[in-house]
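No lab work stands behind these numbers, since they all come straight from the coordinates. On a predicted model such as this, the values are computed, not experimentally measured, just so you know. Positions of Cβ are backbone-derived with ideal geometry, glycine not excepted, and every protein chain shown enters the neighbour counts.
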Amino acid sequence: MKWEKVCVSTILLAACLAGMPGAWAQGAQEQSVAEAARKAKEQKKTAAKPTTVITNDTLKPATPATVQNAVAATESMPGTNAPASTDATAPASAPAETAATAETANKTSEAEAAKKKAEIEALKLQVADKAKEVDLQQRELALANESYYSRPDFSKDPDGKAKLDTMQSDLAQKKAELAPLKAKLKALAPDADQKPAAPQQ
């Protein structure tokens with residue numbers, strides 16, 4: 001009886017072992033079929049997506065509004081340089097500044113000319129006054145000489161001679177004072193009249 005049980009168990013075990021390669025083969029076959037189906041599905045998805053080719057026809061031209069928005073966005077970004085101002089008043093500022101500078105220069109020139117003219121006129125008055133003193137001194141000296149030397153005993157009048165010498169010295173002093181005034185006037189106004197301008201009535 002025991003041998004019969006052993007034989008049955010052996011037969012069953014052999015049958016199981018004989019059936020296992022088939023089961024393994026079937027599982028491997030099913031796995032291969034699933035793998036092939038998965039790959040086919042992926043290839044189908046890849047083939048379903050067409051490749052996009054960029055051409056001039058596919059590119060849409062930018063509209064003016066889009067360009068303005070892009071420029072505004074660029075200007076608002078920190079670190080970007082603002083474009084040069086296109087204000088119509090900007091070019092006009094340069095001529096205005098030039099005109100103002102020229103006007104200031106003209107006023108300065110006019111002021112300097114007026115100052116120089118006043119200095120020349122004042123110097124003319126000094127020259128005229130000193131020239132009158134020299135002329136008067138010469139006339140007085142001439143009269144004093146005539147009066148002194150017309151007397152027969154002029155040699156006996158030492159006081160008269162001393163007076164003549166003093167007048168002669170004063171005349172030389174006045175001439176010495178007149179000479180630099182004339183030289184200064186000639187340097188300031190070489191072509192100017194040495195006589196002062198006539199006072200207005």
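Some notes on this structure:
- The number of residues in region 171-185 that are over 11 Å from Val127 (Cα atoms) and exposed (fewer than 15 other Cβ atoms within 10 Å of the Cβ) comes to 3.
- Cβ pairs under 7 Å, 6+ apart, first in region 153-180 and without any contact (Cβ under 8 Å) to a residue 60 or more places away in the chain and under 19 Å from Lys130 (Cβ atoms), second in a helix (DSSP H, G or I) and among the charged types (D, E, K, R): Met167/Glu140; Lys174/Lys130; Lys174/Glu133; Glu177/Lys130; Leu178/Lys130
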